[in-house]
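Beneath this line is the structure, given in structure tokens, with notes to follow.
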2 protein chains.
Amino acid sequence: MASDTDTLPRRTVSPDLTAARPASRYEQVKHYITERIASGEWGVGSRLPSENELVETLGVSRMTVHRALRELMGEGIVTRAQGVGTFVARPAPRAEVLELRDIADDIQAGGGRHRSRVVLLETIRADGHLALAFDQRPGVKLFHSVLIHYEDDTPLQIEERFVSPHFAPDYLDQDFATTHPHRYLFQISPPHEVEHVIFAVTPEADQQALLELDGPEACLQLVRRTWVDGRVVMRGVFTYPGSRYSFGGRRQT
Amino acid sequence: MASDTDTLPRRTVSPDLTAARPASRYEQVKHYITERIASGEWGVGSRLPSENELVETLGVSRMTVHRALRELMGEGIVTRAQGVGTFVARPAPRAEVLELRDIADDIQAGGGRHRSRVVLLETIRADGHLALAFDQRPGVKLFHSVLIHYEDDTPLQIEERFVSPHFAPDYLDQDFATTHPHRYLFQISPPHEVEHVIFAVTPEADQQALLELDGPEACLQLVRRTWVDGRVVMRGVFTYPGSRYSFGGRRQT
DNA sequence: TCGATGGGGTTGTATAGACTTACCTAGAGT
DNA sequence: ACTCTAGGTAAGTCTATACAACCCCATCGA
């Protein structure tokens with residue numbers, strides 16, 4: 001069925017263990033297509049080969065080609081019409097909404113002096129709620145860290161993180177006085193997906209103490225989850241005094 | 001293969017032409033699942049039947065069940081883990097950060113019943129701070145409205161707006177019991193530019209009363225400014241009880 | 001000239017089956 | 001207590017095949 005030229009390689013029996021898991025066939029097909037679109041070989045509006053032609057060319061089954069094309073349509077890269085064909089879509093501009101930033105950069109950008117203190121660094125077992133956030137069963141092992149970030153000696157953020165050991169097995173051995181968790185995790189791998197949820201909370205007594213608040217001042221709480229390869233690798237809870245911080249953004253429409 | 005009970009109906013040979021095309025099998029499977037999640041029969045975090053169990057129950061092939069579940073995962077409704085199972089995901093945050101939405105749509109999307117009450121509708125003269133927000137001199141005339149939005153008779157938002165008379169000269173004559181300010185302003189012109197800033201605040205006594213809070217619960221405050229033709233046309237202050245609302249967003253990187 | 005009717009090509013859906021990969025647990029051994 | 005291993009379970013992928021739905025166009029007949 002497969003010709004000798006231009007087909008995707010058969011999956012090897014013993015894949016190179018140092019390399020990442022080989023991309024699945026349909027991902028290879030997606031890559032084959034996006035590469036040609038990105039290079040301009042297939043211009044905007046032009047017609048792609050039909051599913052059956054791609055089957056011939058790439059030596060995979062039509063269902064595999066179909067899945068690749070369906071996902072590319074979901075990503076807005078191609079448009080499809082039954083009975084007609086598949087076409088390169090017009091690229092759509094995408095606005096960044098919430099950015100991933102290091103608070104140290106944030107403070108220094110504002111002219112402040114940043115320092116941080118490690119309060120806690122340990123292994124825990126997840127309770128039900130935390131396990132749910134990681135799509136895992138209760139009792140799974142997670143790393144847990146708590147840091148305080150100061151701007152000119154005033155506490156600005158409590159940074160609490162739960163990290164999957166599979167993603168960062170050496171997390172507990174890091175010196176977070178010099179390298180921040182954000183940078184360390186980012187260096188292992190930038191997340192493929194990020195979720196942010198913002199709450200208003202009244203801080204617990206211990207949080208009040210850490211933030212050196214006089215009373216039960218309202219706080220902003222940003223809960224961030226990051227994914228790599230479809231798995232939750234980190235859940236961070238960042239707590240800011242409401243009087244000292246705000247989130248914002250501006251964009252043209 | 002299929003049992004007689006609870007299976008999805010076989011596609012009829014002559015579908016009812018008055019009805020829309022019958023939903024495809026995988027869509028029926030999706031509906032079967034989302035219905036049970038929405039009804040609470042399958043609670044957050046609970047495990048769904050495995051693919052093979054659904055194959056047995058619904059009398060469709062595993063590929064069909066798999067596609068339904070894969071799409072539901074893409075929509076954030078369930079999470080899946082190889083070797084473990086499929087679980088009902090945590091519900092997504094109510095409002096996307098930096099997205100311009102009508103709270104009435106927001107509430108109805110969540111299955112709630114929306115109503116609103118006009119507390120105030122007047123003309124004021126801007127003080128220094130407010131004039132600054134509009135890039136105007138103090139003393140400039142602005143329209144001022146305060147509404148409360150309820151979800152099932154529970155206050156969910158205080159909506160306070162300052163509107164430039166040049167942009168919406170008839171603002172005070174509107175019946176905001178039927179048309180909300182958001183829709184009215186949007187219909188005059190969608191903004192060219194939007195700024196959002198999110199705070200955590202402890203509400204004043206009058207705000208506590210309007211939101212029917214028992215105590216000084218932390219609140220989220222979203223301040224929005226919108227521009228049309230380079231001029232600020234609206235400044236809105238939206239106050240939510242922290243326990244009843246959250247902002248969030250998720251994106252791929 | 002015009003409309004109707006097929007036929008061929010293209011995507012959409014569905015199935016059965018096989019194999020792969022990942023996770024978890026129980027039990028054996030240390 | 002801890003580690004290791006084997007087995008069971010569940011999702012992930014891929015194939016070959018079939019049929020349906022749809023579009024376009026060429027052909028045919030009035």
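The values are calculated or read from the model by the stated rules, or taken from the named source; none is laboratory data. Keep in mind the model is a prediction, meaning the values are calculated, not measured. Cβ sites come from the backbone with ideal geometry, for glycine too, and all protein chains shown count toward neighbours. Protein only, heavy atoms only, side chains kept; ligands, DNA and RNA dropped before computing areas. Shrake-Rupley method; radii C 1.70, N 1.55, O 1.52, S 1.80 Å.
Miscellaneous remarks
- Residues located in segment B:187-225, provided they are open to solvent by 60 Å² or more (accessible area, probe 1.4 Å), among the hydrophobic types (A, V, I, L, M, F, W, C) and in contact (Cβ under 8 Å) with a residue 12 or more places away in the chain: B:ILE188, B:PHE199
- Filter result (open to solvent by 50 Å² or more (accessible area, probe 1.4 Å), more than 14 Å from DNA strand D (Cβ to nearest atom) and either free of Cβ contacts under 8 Å to residues at least 40 places away in the same chain or not assigned by TED's automatic domain parsing to the domain that holds A:ALA23 (or both)) within segment A:41-57: A:GLU41, A:GLU53
- Of all residues in segment A:191-209, those satisfying the criterion of being within 12 Å of A:GLN221 (Cα to Cα), facing chain B (nearest Cβ under 7 Å) and not β-branched (Val, Ile, Thr) are A:HIS196, A:PHE199, A:ALA200.
- Here is the figure for segment A:104-124: residues that are part of a loop (DSSP other than H, G, I, E, B) and open to solvent by 70 Å² or more (accessible area, probe 1.4 Å) total 1.
- Test: B:GLU217 is acidic (Asp, Glu), closer than 26 Å to A:GLU195 by Cα and in contact with a Pro (Cβ under 9 Å, 6 or more places away or on another chain): yes
- Residues that are modelled with pLDDT of 85 or more and within 14 Å of chain B (Cβ to nearest Cβ), drawn from segment A:119-158: A:LEU156, A:GLN157, A:ILE158
- Residue count for segment B:70-84 under the criterion of being of a type outside the set (A, V, I, L, M) and either near DNA strand D (Cβ under 6 Å from one of its atoms) or at pLDDT 90 or above (or both): the result is 5.
- Residues of segment A:161-186 satisfying the condition of being more than 14 Å from chain B (Cβ to nearest Cβ), small (Gly, Ala, Ser) and surrounded by 14 or more Cβ atoms within 10 Å (Cβ to Cβ): A:ALA168
- Test: A:VAL228 is more than 8 Å from chain B (Cβ to nearest Cβ), crowded, with 19+ Cβ neighbours inside 10 Å and within 16 Å of DNA strand D (Cβ to nearest atom): no
- Per the listing A:PRO165, A:PRO169, A:PRO181, the residue uniquely within 20 Å of A:THR123 (Cα to Cα), without any contact (Cβ under 8 Å) to a residue 12 or more places away in the chain and not acidic (Asp, Glu) is A:PRO169.
- The residue pairs whose first member lies in segment A:58-82 and is within 14 Å of chain B (Cβ to nearest Cβ) and more than 7 Å from DNA strand C (Cβ to nearest atom), whose second member is among the aliphatic types (A, V, I, L, M) and open to solvent by 70 Å² or more (accessible area, probe 1.4 Å), and whose beta carbons are closer than 8 Å, counting only pairs six or more residues apart or on different chains, are A:GLY76/A:ALA92.
- Condition check for B:THR34: farther than 18 Å from A:LEU132 by Cβ, in a helix (DSSP H, G or I) and either modelled with pLDDT under 90 or within 13 Å of DNA strand D (Cβ to nearest atom) (or both): no
- Boolean, B:VAL60 is closer than 26 Å to A:ALA68 by Cβ, within 14 Å of DNA strand D (Cβ to nearest atom), modelled with pLDDT of 90 or more and assigned to a helix (DSSP H, G or I): no
- Test result for B:PRO216, in a loop (DSSP other than H, G, I, E, B) and at pLDDT 90 or above: no
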